[in-house]
1. How much length, in nm to one decimal, is gained on full extension between GLN217 and SER182, taken as 0.36 nm per residue of separation minus their Cα-Cα distance?
2. How large is Rg/Rh for the range 108-240, to two decimals, with Cα atoms and a Kirkwood Rh?
3. Looking at this model, which pairs from LYS47/LYS194; LYS66/LYS212; LYS60/LYS212 are more than 24 angstrom apart at the alpha-carbon?
4. Per DSSP H run of n ≥ 4, the term is -39500 (n - 2.57); total these for the chain, divide by its residue number, and report the mean residue ellipticity at 222 nm rounded to 500 deg cm²/dmol.
5. Over the Cα atoms, compute the radius of gyration (one decimal) and Dmax (the largest Cα-Cα distance, rounded to a whole number) for the chain, in Å.
6. Points 7 angstrom from Cα along the Cβ direction at ASN233 and THR25: gap in nanometres?
7. Enter the mean projected area of the convex hull around the alpha-carbon atoms of the range 135-189, in nm², rounded to one decimal.
8. Could you give the length gained by full extension between VAL197 and THR170, i.e. 0.36 nm per residue of separation minus their alpha carbon distance, to one decimal place?
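Derivation of every value follows stated rules applied to the coordinates shown; laboratory data play no part. All values reported here derive from a predicted model rather than from experimental measurement. As a convention, Cβ positions derive from the backbone with ideal geometry for all residues, glycine included, and neighbour counts pool all protein chains shown.
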Amino acid sequence: MDEVSSTNDYLKELLSNIKPLAEATAIMARNQTHGRGQRGSTWLTSKDENLTFSFALYPKNFPSSKSFDLNMIVCLGIQTGLKQYGLDARIKWPNDIYINNRKICGILIENKLAGANIHTSIVGIGVNANQISFPDSIAGKTTSMRLESIAKDEIDLQNLCIALLTTILTVYETSARADGISLLRYYNNQLFRKGIVAAFLIDGIETMAEIKKVDEQGRLHVLVDNQIRTFDNKEITFII
């Protein structure tokens, strides 16, 4: 698509208006005017420079209590795809992708339930690909594939979309045949700042702490003042 307000919203509208789409049907937009991030945040992107796309999944016998597994699958798939471009990416809990202390990718997963199970997942992904300058408000904490690449070559957005979709689906299909512990271990091994004492905002106070792990429910376990504390999303903030 040349332009949509939100690839997630566009795909949801397609699903509601026509017969079911094939799994992994993807919508890619050259420009996204009202992109959304987690919990109402805004995803800012520059027209024709970055990748924004969404795709549909229909998990089978997938309880909503294990929704964090989908998050891990998508994060690990993106990280694997970026490695194919020579980029050493890490997963910033819960679902951002970082390179060298700067954000390069954001993810928004919206699930539709059928009873206790996930019936449909709309996965939205935004990747900073070719943009080389950013607004002052985010310039110090945002990067792009082109900035991080040694070659500095322009990234073909459609090829990137297909490459990331392929690696995500590979992890998705592989994880269906593996146990959740293996997936969680893999995710934990790729965590941004794991095992490093760093600054966080906890209860409104800047605090030095160390990430120890993420559990099966997606909660972050952090060592603070010689005690392990557990946090849900938005209860602790990374200071970058």
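1. Numbers: separation 35, 0.36 × 35 = 12.60 nm, distance 1.45 nm.
Working it through step by step, the gained length comes to 11.1 nm.
2. Rg divided by Rh gives 1.01.
3. LYS47/LYS194; LYS60/LYS212
4. Calculated from helices alone, the mean residue ellipticity at 222 nm is -8000 deg cm²/dmol.
5. Here Rg and the maximum Cα pair distance are 17.7, 55 Å.
6. 2.5 nm
7. Values: hull surface 24.0 nm².
Reported value for the Cα convex hull: 6.0 nm².
8. Numbers: separation 27, 0.36 × 27 = 9.72 nm, distance 3.36 nm.
Taking VAL197 through THR170 to full extension adds about 6.4 nm, to one decimal.
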